[in-house]
Each structure stands twice: as C-alpha cells, then as structure tokens.
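The values are calculated or read from the model by the stated rules, or taken from the named source; none is laboratory data. Keep in mind that what you see is a predicted model, and the values were worked out from it rather than measured. FYI the Cβ positions are ideal-geometry reconstructions off the backbone, even for glycines, and counts take in every protein chain you see.
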Amino acid sequence: MDIRGPVDPETMQAAHEQVEREAEALRLVIVSDEDADGGHRQFVKDDPAPLPYVDLSTGPAPEAAARAWMEKDAEGPVDPQALCRAALLKIADDHFVLYRRVHHAVVDGYSLALVFNRTAAVYSALARQLPAEGGAFPAFAHLVETETAYRDSRSFPRDRAHWLDTLAGHPEPVGLSGRRGGLAIGRRRTVELTPDRVGHLERAAADLGVTWSDLAVSTIAAYVGKHTGADELLLGLPTGGRLSPQVRNVPGMTMNILPLRLTVDTGLPLGAFTRRVSRTIRNVLLHSRYPTAEISREVLGEGGGRLWGPMVNVMKFDYKLDFGGSAATMRTLSIPLTIDMTVYFFQTSADGTTDVILDAHPELFTARDTDAHLEGILGLLDAIGTARPETAVRELFPPPAPVAAD
C-alpha cells in the first residue's frame, strides 16, 4: 500500500493490531497432523503478527531501497507458522509503504482489499481519537460453516454435473506460444490505464450491454483466438466464490480458478461477441463454488494435465484508502506462478486507475514477445473502446505488415 502523506507509526501499529485481531485469516497457521485429512490442519493463533517499522528515508535512494527490502522479504522461505506478515516502511516524511506478504492458502486478493480498507478506516478513527469498533469483520467461522453447508447441499452435485457436462469433449488448451511449460514466475510488463481511459472503456462496455470485466475478458479471448487460429478456447478465470452475503466481508481464501470454455468467432459483430462472452462468464459464476481440484480429478483423471491455457483476472475493488487524510494506492509486488500467459486488470485506487499486468512464461515467451503481446492487447482494447457494436471483431485488429519484396 503506497501512502502519500504523513503517517504516525504508533497509530499505524495500533490499527494493524486491531485489524489483525478482527481478521482471523491473517492469524491462520498450518501444522502437520497425521490424524487430519490430508496430513495437515489449520488453526488461528492468538497473537497478531508484528509490524516492524523500517526507516529508509535517510539513504541515498529510499524508494529503490524500499522495493529491494520488499523483494528480498517476498522471495524468502514461507514459514507455516507465519503465513501473513507486514511492515511499515518510511521513504520520506510524506511517503510510506504499508507492506503485506500473504500466502494464498489463507487469503485471496479480495480479502487484501478488505483488510487494507479496514486498516485505513481504523487508522483514521484512531488518528482522530474516535472509537473504531464499527465495521469489524464477521467471524472466520462463517466461511467454514458456509463451505460445509455447500458440500452437504443440493448445489454441490448440481455444480458437479454442470462442470462435467461443460467440459465433455473439451479441446486441448492452446496458448500464444504454441508450446507448453511448467509453472514459472512470469516475465512481467505493466502499463497503467488512467481513470479517464478506464472510464471511457466502462462507457463503451455499457453501450455494448456488458460490464467492464466482461469487456476485458472479451478482449483477451478475441486476441488469443485471433493469434492462435483456434475457434474454441479454454481460458483460466479466477472467481471470488463469495455467492453468500454472509461471507462477502469475511477475509479468507475463497478464490477459485475455473475453466472458461469459449467459442471464438471473430467474424461476429463486437456487440454479439462480447454478449456471448458475458453470458458464458455468468454461467461460470453461477457454479463457481465447485472446487477446481475436484474438476481436475474427474475431467483429467490420474494423469493430470491442464484445464486452461492463458488466464485473465479482472481485479476491481471498492477502495476506501484514506489514512487520516493521506491517500493510498494499492500495488502488487508479486502474483502467483503462470503456466502460459496471465493478464491482470488490477484496479489500484478508488479513482479507477488500473494496471494492465502481463506475466509471460519466460521459457515460452522472449522479452520481445512479451512486449509485443502487451502492445497488441492494449491496441485491441483501445480499438474495442471506440468501435461500433456492429463492427466485426476481426476488423479491429491492425492489418498484417507488408512483406518486403526480394
């Protein structure tokens, strides 16, 4: 969390401790237990994680030093007894970073937005010497109870039947490189979309009868379909899994990555294309609580394999990031591994500013490939943003470069 403005370390420490006690998922630990299902169990420890205060403001390059400090910490080994860690870094009197390192086993991206929003609210209340009890998170037990109830409900077998039917005779996942690789940390490229640019795309989506998230996914589907020549795709689609209002504001790990099976016809008008993608996404979301691990076991069998190629993740949050008058922006230092190419549309602040992040598998894509794909995706996104609904999708791509004669 990049905070622009003064911060009182003692007040931040108090806010941190209160939020850590409220958000039980931040205090989850995993231990070995031979008697437990899977050989492990988790429990909530009593004490909150510490918040070290690191003053880097007196060095020659404090911003670079802060990034180096965070990268070193993020690359360190994971302690099952401390799956969530935090620190407050001072870059200048009016520039601080509230750093959090969390493990996806216990917390997802949506939960981090909840935690940062709550931390800002508690800090602001304490800074004004006001009580900060209102707005506390519901108990983590709600997540456990809701998941148990889901597995015992009629929805569980219905969702299973849906996924077995949806993936019957599924195509082999294709990627932009035409090759396969194992899990790897992606080669990252990032471009920021300004609030005006995002607002324009949101209005374009509304004119097409879809959401901004639908438009972003449609862009990636069209791009991958065009450049692979495939008329059917399997894309990875992370979903929140929070269909029940009882768990909407409970920090924890509910995110589920599911296969989005799409028929890609770039001859369709843009409006029809995006609405088809939107309907398919809605259908995925209706059945988004069924675990991907179960789908993989039943669809792919013991031999394993892949349920998708490229992945697209639209992360749009309701931010309220004000620390006693000091505005903040959320940034990502690292994101999970990629098996091909992953595109994130990551909202970083309340004004709608969004980072388009491309993580490309380093063994499948060169640095030049990665730059070219990000440029192509952004170009298509802008073309979609200005196109009429009746324009064929294939007409939104630039013509191929002329081949020089010998």
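Would it be correct to say that T119 is within 24 Å of the chain's Cα centre (by Cα), among the polar types (S, T, N, Q) and either over 30 Å from H287 (Cβ atoms) or in the same structural domain as Q13 (by TED's automatic domain parsing) (or both)? It is true that T119 is within 24 Å of the chain's Cα centre (by Cα), among the polar types (S, T, N, Q) and either over 30 Å from H287 (Cβ atoms) or in the same structural domain as Q13 (by TED's automatic domain parsing) (or both). From the list G59, G76, the lone residue that is free of Cβ contacts under 8 Å to residues at least 24 places away in the same chain, touching a helix residue (DSSP H, G or I) at 6+ places or on another chain (Cβ under 6 Å) and surrounded by fewer than 21 Cβ atoms within 10 Å (Cβ to Cβ) is G59.
Might you let me know whether the stretch 223-237 holds any residue that is acidic (D, E), in a strand (DSSP E or B) and farther than 30 Å from E24 by Cα? Within the stretch 223-237, one or more residues are acidic (D, E), in a strand (DSSP E or B) and farther than 30 Å from E24 by Cα. Restricting A121, A113, A139 to residues that are part of a helix (DSSP H, G or I), surrounded by fewer than 20 Cβ atoms within 10 Å (Cβ to Cβ) and aliphatic (A, V, I, L, M) narrows the list to A121. Looking at the stretch 241-251, is at least one residue assigned to a loop (DSSP other than H, G, I, E, B), in contact with a strand residue (DSSP E or B) (Cβ under 8 Å, 6 or more places away or on another chain) and not aliphatic (A, V, I, L, M)? Within the stretch 241-251, one or more residues are assigned to a loop (DSSP other than H, G, I, E, B), in contact with a strand residue (DSSP E or B) (Cβ under 8 Å, 6 or more places away or on another chain) and not aliphatic (A, V, I, L, M). Do we have any residue at all in the stretch 127-136 that's at pLDDT 90 or above, in the same structural domain as A25 (by TED's automatic domain parsing), among the polar types (S, T, N, Q) and part of a loop (DSSP other than H, G, I, E, B)? Yes, the stretch 127-136 has at least one match. Please state which of the following conditions G305 fails to meet, knowing it meets all the rest: (1) buried (at least 17 other Cβ atoms within 10 Å of the Cβ); (2) closer than 15 Å to G236 by Cα. The one condition G305 does not meet is (1).
Selection of the stretch 308-343 for residues being buried (at least 19 other Cβ atoms within 10 Å of the Cβ), more than 30 Å from A168 (Cβ to Cβ) and touching a Leu at 6+ places or on another chain (Cβ under 9 Å) yields F317, F323, G324, A328, M330.
Taken over the stretch 116-173, the criterion of being touching a residue at least 40 places away in the same chain (Cβ under 8 Å), out of contact with any strand residue (DSSP E or B) (no Cβ under 9 Å at 6 or more places or on another chain) and of a type in the set (G, A, S) is satisfied by A132, A136, A139, S155. The residue that is nearest to R282 (Cα to Cα), counting only those in the stretch 162-174 that are hydrophobic (A, V, I, L, M, F, W, C) and surrounded by 12 or more Cβ atoms within 10 Å (Cβ to Cβ), is W163.
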